[in-house]
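**Student:** The structure that follows is given in the form of structure tokens.
Values quoted throughout were computed directly from the atomic coordinates according to the rules given, and no laboratory measurement underlies them. Everything numeric in this text was worked out from a predicted model, so none of it was measured. Cβ placement follows ideal geometry from the backbone for every residue including glycine, while neighbour counts extend to all protein chains displayed.
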Protein chains: 2
Amino acid sequence: MAKIHEVAEAAGVSISTVSYALSGKRTISAETRRRIDDAVRELDYRPNAGARMLAGRRTNIFALTEPFRADTYAPAHMAFVLATSIAARRHDYDILLLTDEEASAGMRRVATSGLADGVIVLDVAPDDERVAVARLLKIPAVFVGVPTDHDGLVCVDLDFEQAASIAVDHLVDAGHRAIGFVGHPAEAYLRSNFPPRVRAGFEARAADRDVRVAIGSPAIGGSSRRAAESVHATVASLLEQGVTALVLHCDDTAHAAVTEELARRGLRVPADISLVSVGATFDTSAFHPPIDAVPLVPQASCDLAIDLAMRLLSEAPPEPGVHLIAPEYRDRGSVAAPPGHATTAG
Amino acid sequence: MAKIHEVAEAAGVSISTVSYALSGKRTISAETRRRIDDAVRELDYRPNAGARMLAGRRTNIFALTEPFRADTYAPAHMAFVLATSIAARRHDYDILLLTDEEASAGMRRVATSGLADGVIVLDVAPDDERVAVARLLKIPAVFVGVPTDHDGLVCVDLDFEQAASIAVDHLVDAGHRAIGFVGHPAEAYLRSNFPPRVRAGFEARAADRDVRVAIGSPAIGGSSRRAAESVHATVASLLEQGVTALVLHCDDTAHAAVTEELARRGLRVPADISLVSVGATFDTSAFHPPIDAVPLVPQASCDLAIDLAMRLLSEAPPEPGVHLIAPEYRDRGSVAAPPGHATTAG
DNA sequence: TTGAAAGCGCTACCAC
DNA sequence: GTGGTAGCGCTTTCAA
């Protein structure tokens, strides 16, 4: 609650010198800087946020739109919000939360009232209403996820097609010639934009590598017993089609249901069947057995999103466009050659 | 981006009249008000947030500390954050998010920089480090949850003891004389403050009503297969001890595991065994069968928390203390008389 | 390398 | 019922 005036007095310098010393926007002699730092520490001084916003050009706040819909997968959303917050703090930015009904109205509100310098958009839907709002805003927006119509927007996302490709490559390289795909329930392919991208990447690469595929989607999502049974049935169907490996792009409960069904059938991973998870935000090494993964890392997406937001505020803002993050394969030992496969060296 | 000056000009009144018309802090003639409203709408005017904070006494922002630890139950945290945000917006307040490492430092930062008018503390641990910080802050704090040392703090929470009591009463009134308790894994009783309160309430009321109890806690938490098996074993043990009803105070996965184990044993709910859930944040009517509940309603807690925060900013702030929310019983048909019980009328 | 002072856009006091 | 205006606490020219 000390003011800059008191710091200046205590350090025996002018107000402007204190301001410059704190912002680093002009060179200060070592001696002066020391006296100011001492005074700041002594008085526990911090610039008043309101005054800073008013006088300066920056609020040092990013608005974060995250609908927090009840039917969405909470742990992932939590991870993204957390990662965004941490990334923002590294640039001395705070996060103002815009949820739910306030998604669009809130974006307009914080933009026209000058409460935030930019907006980070999470949990992006294919036909997201926030796209239109973002285009009208006078402050920059960064989308974490790619809406169908992303013309002129700055978007960040994992390269899901590539992630699926890598998974396929890994399995084909190990000798698999028939690969099953366990996807999200059908609704997810309408509400989110990445499930179709994963499946497309999977099918495209499988075609390239000339291997057979079988696609399965559980009928029911969630963590209920019926959801698990639905996964069991999906796995059963895929196995009947003769696949020797599975690519999983589904939630953690479904992952668990898959390993459960394999165990029930006495199938060992990776001796009898290989497993690779694609686009998971949870820790696939915690399953029994641990599962190879090409994960979606919230921190990677959010770091990039904040980085882009910062650059959009600079004199040389980046061009609009989709910034895809290169996926990485994480080996956990759930992939091996299919049963009966003659191992080739090199 | 229009300024108050332009609104005043467009409406043909002074700046102060516009300010007062918007804040409602003095009476304005109908005609003047109409002209101002028109101008505001036409120019899409919103007061500059920074200027408001600086000139006024309020920032219209509450900081929300929510660590978002990875090992915590995400859906519940999400629900509390969402509920807090919605409650705050009803009072024209925004939420600034303080996560993780910044919990304590962030509270100090927003308080001394005047970024927030108050702090809402979520996910409160028994020995929460934020308690000490809150005591030193120059802005009010409201805890959603009750830390062990809550002297001088304003806390809000469900009356968990009472919630457990109600559950016991309901079962005893139905004729049960031996009730089992399925609790959280042991760690939860150290990390959180409410599990012990539920168990204490359960045991106390059972003693009052002179019924036999059996306490069970799964060894393992989470949604893994082993966790489910741990619940199964707990249920088995309780049944062996002859209970005819179960009180559940555990996460959704454990709830599902309980119903699963009962189904596996051919026990029908409520004909063979009765079930009541206590303190759940998830929807217990979505289980098969639906389960009676004395739920923890995030909205109730958060509405009260924001209400208290608002009052702490008023001329007549409330006294510190723990504000317990009265629990409510939700009947979903999972309770009946125990097998062989002679039904009594009235 | 440092200071003085003009705003930033609003709120709220004082006057009418 | 309305208007004038002094700050709120900073940032950032302009001057030295």
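**Student:** Summing +1 for each Lys or Arg and -1 for each Asp or Glu, what net charge is found among the other residues whose Cβ lies under 10 Å from the Cβ of B:Met53?
**Tutor:** +3
**Student:** Return one number: the angle in degrees, 0 to 90 and rounded to the nearest 10, between the long axis of the Cα atoms of helix B:30-43 and the longest principal axis of the Cα atoms of chain B.
**Tutor:** 80 degrees
**Student:** Here is a further query. Which distances, in nm and shortest first, link the A:Asp272 label point to the same label point in every other copy, taking 7 Å along Cα→Cβ?
**Tutor:** When each copy's label point is compared with this one, the spacings are 3.1 nm.
**Student:** If the viscosity is 1.567 mPa s and the temperature 4 °C, what translational diffusion coefficient in µm²/s does Stokes-Einstein give for chain B when Rh comes from Kirkwood over Cα pairs?
**Tutor:** 57 µm²/s
**Student:** Under a point-charge model restricted to the Cβ atoms of Lys and Arg (+1) and Asp and Glu (-1), what is the dipole moment magnitude of the stretch B:160-294 relative to its Cα centre, in debye to the nearest 20?
**Tutor:** Once rounded to the nearest 20, the dipole reads 240 debye.
**Student:** Pick out which of B:Asn60, B:Asn48, B:Asn193 has the largest mean-square fluctuation in a Gaussian network model of chain B, springs linking Cα atoms closer than 10 Å.
**Tutor:** Maximum among the listed residues: B:Asn48.
**Student:** Can I ask one more? Please compute the average number of Cβ atoms from other chains found within 10 Å of each residue's Cβ in peptide B:96-102.
**Tutor:** Counting other chains' Cβ atoms within 10 Å and averaging over B:96-102 gives 6.
**Student:** Something else now. For the protein assembly as shown, divide the Cα radius of gyration by the Kirkwood radius and give the resulting Rg/Rh value with two decimals.
**Tutor:** That ratio is 1.02, to two decimals.
**Student:** Another question about this same structure. Axis carrying B onto A: which residue of B has the nearest Cβ, and how far, whole Å?
**Tutor:** Result for the axis mapping B onto A: B:Ala74, 2.
**Student:** Shielding by partners for A:45-57, please: the mean number of other protein chain Cβ atoms within 10 Å of each residue's Cβ.
**Tutor:** 6
**Student:** Sticking with this structure for a sec: Could you work out the helix-only [θ] at 222 nm for chain A, with each DSSP H run of four or more residues adding -39,500 (n - 2.57) and the total divided by the number of residues, to the nearest 500 deg cm²/dmol?
**Tutor:** Only helices count here, giving -13500 deg cm²/dmol.
**Student:** Ordered shortest first, which distances in nm separate the 7 Å Cα→C-beta label point of B:Thr27 from those of the other copies?
**Tutor:** 6.5
**Student:** Could you give, in nm with one decimal, how far A:Gly12 is from each other copy of that position, shortest first, with labels 7 Å out from Cα toward Cβ?
**Tutor:** 6.1
**Student:** Within 10 Å of each Cβ in A:221-234, how many Cβ atoms from other chains are there, averaged over the peptide?
**Tutor:** Other-chain Cβ atoms within 10 Å of each residue's Cβ, averaged: 2.
**Student:** Shifting gears a bit: Just the ratio, please: alpha-carbon radius of gyration of the stretch A:4-54 over 2.2 N^0.38 Å, N its number of residues.
**Tutor:** Here the answer is 1.05, to two decimals.
**Student:** Let me ask something additional. Ranked by Cβ crowding within 10 angstrom, fewest neighbours first, how are B:Ile95, A:Ile325, A:Ile61 ordered?
**Tutor:** A:Ile325, A:Ile61, B:Ile95
**Student:** When only C-alpha pairs under 8 Å and at least 6 residues apart count, what is the relative contact order of chain A, in percent?
**Tutor:** 17 percent
**Student:** Take every Cα-Cα distance within the stretch B:160-294, group them into 5 Å bins from 0 onward, and report for each bin the whole-number percent of pairs it holds.
**Tutor:** Answer for the stretch B:160-294: a P(r) of 2, 11, 23, 26, 23, 12, 3, 0 percent.
**Student:** Right, something else. Between helix A:160-173 and chain A, what is the angle of the helix's C-alpha long axis to the longest principal axis, kept within 0 to 90° and rounded to the nearest 10?
**Tutor:** 40 degrees
**Student:** About the Cα centre, and with charges only on the beta carbon of Lys, Arg (+1) and Asp, Glu (-1), how big is the dipole of the stretch A:4-54? Nearest 20 debye, please.
**Tutor:** In debye, rounded to 20, the stretch A:4-54 gives about 300.
**Student:** Same structure, new question: Enter the Cα centre distance for the pair the stretch B:29-95 and the stretch A:173-248, rounded to the nearest angstrom.
**Tutor:** A separation of 44 Å, based on Cα centres.
**Student:** DSSP loop (so not H, G, I, E, B), at most 16 other Cβ within 10 Å: list which chymotrypsin sites (Phe, Trp or Tyr not before Pro) in the stretch A:25-111 pass both filters.
**Tutor:** The qualifying sites: there are none.
**Student:** A follow-up question, please. Taking the beta-carbon count within 10 Å as an exposure proxy, list A:Thr84, B:Thr72, B:Thr148 from fewest neighbours to most.
**Tutor:** Ascending number of Cβ neighbours within 10 Å: B:Thr148, B:Thr72, A:Thr84.
**Student:** Calculate the dipole size of the protein assembly as shown relative to its Cα centre from +1 charges on Lys and Arg beta carbons and -1 charges on Asp and Glu beta carbons; express the result in debye to the nearest 20.
**Tutor:** With Lys and Arg at +1 and Asp and Glu at -1, about 1080 debye.
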